[in-house]
Amino acid sequence: MIEAARVSWRYGANPVIDAVSVTARPGRVLGLIGPNGSGKTTLLRLLYGALRSDTGAVSVDGDTLRDLRAREAARRLAVVVQESGGETALTVAELVLLGRGPHLSTFQRAGRYDQQIAARCLARVGATHLGARAFASLSGGERQRVLIARALAQQATHLLLDEPTNHLDIRYQHEILHLVRTLGTCSIVVLHDLNLAARYCDDLVLLGHGGIVAAGTTDEVLDPTVIESVYGIGIQRLDLDGAIHLLFHPVTADPDTAQRSTA
């Protein structure tokens, strides 16, 4: 379980996250959604310790995150971020093997067991054929799958992902999120696509204006009235065979109102 109690962050004088509290429960996928600039990635960074809030605290399974040693934190939290660069000279297989680092002592080298785990993780994301390739030579979608494989190789109990479907085609968007959903870990994922969030998240936190607009189960949060007020777009919700589907349409001004405003 990951719990954040009244965490905050500001860039200069502008508050992005203001006294926000979030709980991600074991075995469930929590989605962070909201418009651009609503603070999704900032909140995720607070949750895994890349940013340190001046207020409140973040805890992992009851232990305060800032009190955990780096190795212990890495055994509990695996993170996939968007800005991981491709300048490394490592091959894909070598990069994924780095995920075993938290389980090795300071001068211990990865062994056959670690290599087997790394190979299985590459297979789980459909990237076995990339093993000998230089990571820097991969496309954006290929890199994303490899970074997820590295996170899986950590065998952490919590998985945090910032837009994991970015650069992926439709097939791999669904395959990756289905994989995350079936891992049984406590997972937190930043998503822009609300229909993907509806399909693969158990719980959602909707962010806007520096705080939480709505939080709860996916069914509760994806209320068209609430979503429309945050995104400024018309939404029709369809519940078909137990699944939520959202249809979007531009919000148009009432003709009579528009005519009066120009009179």
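Where a number appears in this text, it was derived from the coordinates with a stated rule and is not lab data. Keep in mind it's a predicted model, so treat the numbers as computed, not measured. Positions of Cβ are backbone-derived with ideal geometry, glycine not excepted, and every protein chain shown enters the neighbour counts.
Over the C-alpha atoms of the range 1-74, what are the Rg and the largest Cα-to-Cα span, Dmax, in Å?
My reading of the Cα-based Rg and Dmax gives 12.3, 37 Å.
Any chance you could run the full-extension gain for Asp63 through Glu87? It's 0.36 nm times the residue separation minus the Cα-Cα distance, nm to one decimal.
Full extension of this stretch gives 5.1 nm more.
Given the range 83-156, what whole percent of its Cα pairs are spread farther than 21 Å?
Considering the range 83-156, 19 percent of its Cα-Cα pairs are separated by more than 21 Å.
With +1 on each Lys and Arg Cβ and -1 on each Asp and Glu Cβ, and nothing else charged, work out how big the dipole of the chain is about its Cα centre, in Debye to the nearest 20.
I would put it at about 1180 debye.
Would you work out if the range 126-197 is rounded, prolate or oblate? Take a ≥ b ≥ c from the square roots of the eigenvalues of the alpha-carbon gyration tensor; rounded if a/c is under 1.5, else prolate when a/b is larger than b/c, oblate otherwise.
Verdict is oblate for the range 126-197.
With springs connecting C-alpha atoms under 10 Å apart, model the chain as a Gaussian network and identify which of Ala93, Ala110, Ala57 has the largest mean-square fluctuation.
With Cα springs under 10 Å in the chain, the top fluctuation among Ala93, Ala110, Ala57 is at Ala110.
Per residue of the chain, what 222 nm ellipticity follows from adding -39500 (n - 2.57) for every DSSP H run with n ≥ 4, rounded to the nearest 500?
-9500 deg cm²/dmol
Along the charge dipole of the chain, Cβ charges K/R +1 and D/E -1, which of Ser229, Leu138, Gly242 sits furthest on the positive end?
Of the options given, the answer is Leu138.
Hey, fewest Cβ within 10 Å first, where do Arg199, Arg6, Arg45 land in order?
Arg6, Arg199, Arg45
Across the chain, how large is the tail of the calculated P(r) beyond 27 Å, expressed as a percent of all Cα pairs?
Roughly 43 percent, rounded to a whole number.
Which whole-number percent gives the relative contact order of the chain, counting Cα pairs below 8 Å spaced six or more residues apart?
24 percent.
How do Leu179, Leu240 rank when sorted from fewest to most other Cβ atoms within 10 Å of their own Cβ?
Leu240, Leu179
What full-extension length gain, to one decimal in nm, is calculated for Arg120 and Ala50 as 0.36 nm per residue of separation minus the Cα-Cα distance?
Extra length available between Arg120 and Ala50 comes to 22.4 nm.
Choose one answer from Leu138, Leu147, Leu160: the residue with the largest mean-square fluctuation in a GNM of the chain with alpha-carbon springs under 10 Å.
The residue with the greatest mean-square fluctuation here is Leu138.
Fewest to most neighbouring Cβ within 10 Å: what's the order for Ser59, Ser53, Ser137?
Ser137, Ser59, Ser53
Counting each pair of different Cα atoms once, what's the Kirkwood radius of the range 1-127 in Å, rounded to one decimal?
16.8 Å
With all pairs of different alpha carbon atoms counted, what Kirkwood hydrodynamic radius in Å does the range 55-201 show?
In the range 55-201 this quantity evaluates to 15.9 Å.
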